[in-house]
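What follows is one structure encoded as structure tokens, with my remarks underneath.
FYI, it's all coordinate maths here, none of it is from the lab. Since we're looking at a predicted model, the values are computed, not measured. When we count neighbours, we look across all protein chains shown, and the Cβ atoms used for this are built from the backbone with ideal geometry, even at glycine.
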Amino acid sequence: MKNKTLAIFGIGTYILSVIASATNLEGNSVMPVALIAISGIATTIFIIMATIRLWKKAKSASILLASSAVILFILSIVQGVASSSYGSPLIILLNITKVINFIAFIWAVSLLWAMAKHEGLAKKTIKDSGLTPEEVSLVQEDLRKGKHKSAEQRIAVAQERQRAKFKEATGIDAKDIIPEIGREISWADIVKHVFRVLEFDRGNTTIEQNNQVQSRSLFKPYGYLLVESPILNQKARLPIIHRDDFLLAASVFDEPKLADIVVDEELLVTYAPKHLLPEGLSGSPHHVLHYVITPRGTLDSYYSMNNDIHMVKPDPKKLFGPFVYQGEIKVQINPEPKL
């Protein structure tokens, strides 16, 4: 059973358990014994499968789910035998355990759903890389064994093969084509990932008095950033779609001191909207790009740490600090990133 299917199955078991627990005014069950039994079996199957599935990824959630379920089961049996009255210590303890078990259930389902999402992104990356079925199996085996470098090398070989075929057919080297985020690359694929800024393309946008940004077109971005990152196999163009983000970029390249610093250091940027829509677009009027100046080599160190964990679970606040959306927003300077 896939992670997404298991998460949906868990939600179904919870709904079924709520239905099966219906009682009358006297507190007696009104549901058929068969339905109660099916609910109990389904819930047990979900707990066992979720506990096993989450053991390596989130051991604390796995332990909390299993232990709270066992304790809840024992207390329910004791309560049924003792017939404790409302407000007794046993009933209070039983209710507390129910709350903990519910929290553990929500946590487990959320983790399974997130794991399914990451698996989908990984499969999409493998599919788009031009791997043969045999290579796909080898890459998946490498990932299961934690051999991330080996998997990356296999994908790189396949991509180079695809580029060679494309050049032979068209006479154009794919390395010379710079994709644009929002077109060739989905916004959803870069959320909270970190990029190194190489160039600032202002387009025809100008900054007038009182920081008034004047764009020549209502239908085009204010400008573009030429960026690179270990998550991509080539440079890309990042559209600047918010006036404040254009002002922040300009504040670096227009300020001689900062511009000189960036020559020796590196300017990093991440796309992190305050509210995120399903397709990766911003769901609020606030700016979406965050900038930080760090020592050269920070980006590569960030993505290579802990078996490339940030490839799957980006954590840009390690570099950028807390994101600021209102009030004074500025380009951060982090001379000693704690990675």
Using amide H atoms built 1.01 Å from N in the peptide plane, name the residues 5+ places from residue 223, or on other chains, whose amide H lies under 5 Å from its own. 240
Considering the options 302, 132, 261, tell which one lies farthest towards the positive end of the dipole of the chain, charges being +1 on Lys and Arg and -1 on Asp and Glu at the Cβ, about the Cα centre. 132
Would you please give the residues with an amide H less than 5 Å from that of residue 147, counting only those at least 5 places away or on a separate chain, with H modeled from the backbone geometry? none
Loop-only trypsin sites (Lys or Arg not before Pro) in the stretch 147-229, please: DSSP not H, G, I, E or B, and at most 14 other Cβ atoms within 10 Å. 183, 216
Helices from the chain with mean Kyte-Doolittle at least 1.6 and a Cα length along the axis of 18 Å or more, per DSSP H: which? 33-54, 59-82
The stretch 309-329 and the stretch 60-109: distance between their alpha carbon centers, rounded to Å: 37 Å
